[in-house]
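Working notes for the structure below.
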Amino acid sequence: MADDPRWPRASQWLQTGSADPRFAVLGVPAHLTSISATNAHTTPGAIRAALARYSVWVESEGLDLRDLAVADLGDIADPDSDEGEAATMATVAAHADIPVLALGGDNSITFAVARGSRADGLITLDAHHDLRDGRSNGSPVQRLIDAGLDGRRVVQIGIADFANSPDYAARARDHGITVIPRAALQQRPMADVMEEALEVVGSGRIHVDLDVDVCDRSVAPACPASLPGGISAAELLAAARAAGRDPRVVSMDLAEIDAQADTADQRTVRLAAMCVLEVATGVLLRG
């Protein structure tokens, strides 16, 4: 790609860094406990590289992302281990005064990132409830509830047909989780859905999990568990901007992409990179 000094790249913005950031990005390349085989540990680097394909200019808002001081906190070593989870929590906690976006990695990272930010509310965009027992990419919501998160302050958006089970649906009801299934989104703008979710969760500190397998498989083929009929790329991007914009949102994650399984045009990784920029746009709009 040719360089043009009049067309600054988003990758340069992230690499510039700041000693006094208003927003931070952290790689959490977890993959060893995934239910489906994955090379999700390769994804944080792939997302950073894909940012070179985008500029810093937000046409719809007349904003330049270079006005948002950012820090790239690097990658957590061995994030699947107890020590790695503790390091994730500690790194996020050390930046608890600014919103942190974690680049996964599989969905197991949601637990450590949300715990590190001291989130007491959770919004997930996910095809799955993630209420399994044990420790895996299928259990972060259950682990957070086991650790004290009130299920009545959890909203799950995009839960898909044929992707869960009666037992886990019952567990979500028993926990008091608000579920907005995929079918309920078809006639509603994502901005309205996010507004409802934020209202349900209420005040406090909120973590938003952007599990990219909530998307239709045509736009997220590198997510092992994405299905036909999921949400659109535009809907995911709208959710990312809404999450970044709300000051109650203290941490977020992008999860479940296996960069090595992507198509030749890297459509899934490129979508994730755009989510980074949408979150950053939202943070800049906080003022």
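Listed residues Gln142, Gln156; which is buried (at least 20 other Cβ atoms within 10 Å of the Cβ), under 27 Å from Ala261 (Cα atoms) and either more than 16 Å from the chain's Cα centre (by Cα) or in contact (Cβ under 8 Å) with a residue 24 or more places away in the chain (or both)?
Gln156
Yes/no matrix, rows are residues, columns are (1) in a helix (DSSP H, G or I); (2) polar (S, T, N, Q); (3) under 20 Å from Ala280 (Cα atoms); (4) within 14 Å of the chain's Cα centre (by Cα):
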site	(1), (2), (3), (4)
Asn164	no, yes, no, no
Tyr168	yes, no, no, no
Asp213	yes, no, no, yes
Gly229	no, no, no, no
Glu235	yes, no, yes, yes
Ala238	yes, no, yes, yes
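Which one of the conditions (1) in a helix (DSSP H, G or I); (2) in contact with a Lys or Arg (Cβ under 8 Å, 6 or more places away or on another chain) does Gly204 fail to meet, given that it meets all the rest?
(1)
With the stretch 40-155 as the region, which helices (runs of 4 or more DSSP H) entirely inside it contain at least 1 residues that are among the acidic types (Asp, Glu) and modelled with pLDDT of 95 or more?
Those helices (runs of 4 or more DSSP H) span 82-93, 140-146.
Please go through the stretch 162-178 and give me each residue that is in contact (Cβ under 8 Å) with a residue 40 or more places away in the chain and surrounded by fewer than 17 Cβ atoms within 10 Å (Cβ to Cβ), ordered by number.
Passing the criteria: Phe162, Ala169.
Would it be correct to say that Thr33 is among the β-branched types (Val, Ile, Thr), surrounded by fewer than 21 Cβ atoms within 10 Å (Cβ to Cβ) and out of contact with any Cys (no Cβ under 7 Å at 6 or more places or on another chain)?
Yes.
Just to be sure, is Ile231 touching a residue at least 12 places away in the same chain (Cβ under 8 Å), buried (at least 24 other Cβ atoms within 10 Å of the Cβ) and in contact with a strand residue (DSSP E or B) (Cβ under 6 Å, 6 or more places away or on another chain)?
yes
Can you pull out every residue in the stretch 95-137 that is in contact with a helix residue (DSSP H, G or I) (Cβ under 7 Å, 6 or more places away or on another chain) and of a type in the set (Gly, Ala, Ser)?
Listed by number, the residues that qualify are Ala102, Gly104, Gly105, Ser108, Ala112, Ala114, Gly116, Ser117, Gly121, Ala127.
Which one of Leu122, Leu144, Leu103 is out of contact with any Asp or Glu (no Cβ under 8 Å at 6 or more places or on another chain) and either of a type outside the set (Phe, Trp, Tyr) or over 19 Å from Met252 (Cα atoms) (or both)?
The match here is Leu144.
The values are calculated or read from the model by the stated rules, or taken from the named source; none is laboratory data. What you are looking at is a predicted structure, and each value in this text was computed from that prediction instead of being measured. Glycine gets a Cβ as well: all are built from the backbone with ideal geometry, and neighbour counts include every protein chain shown.
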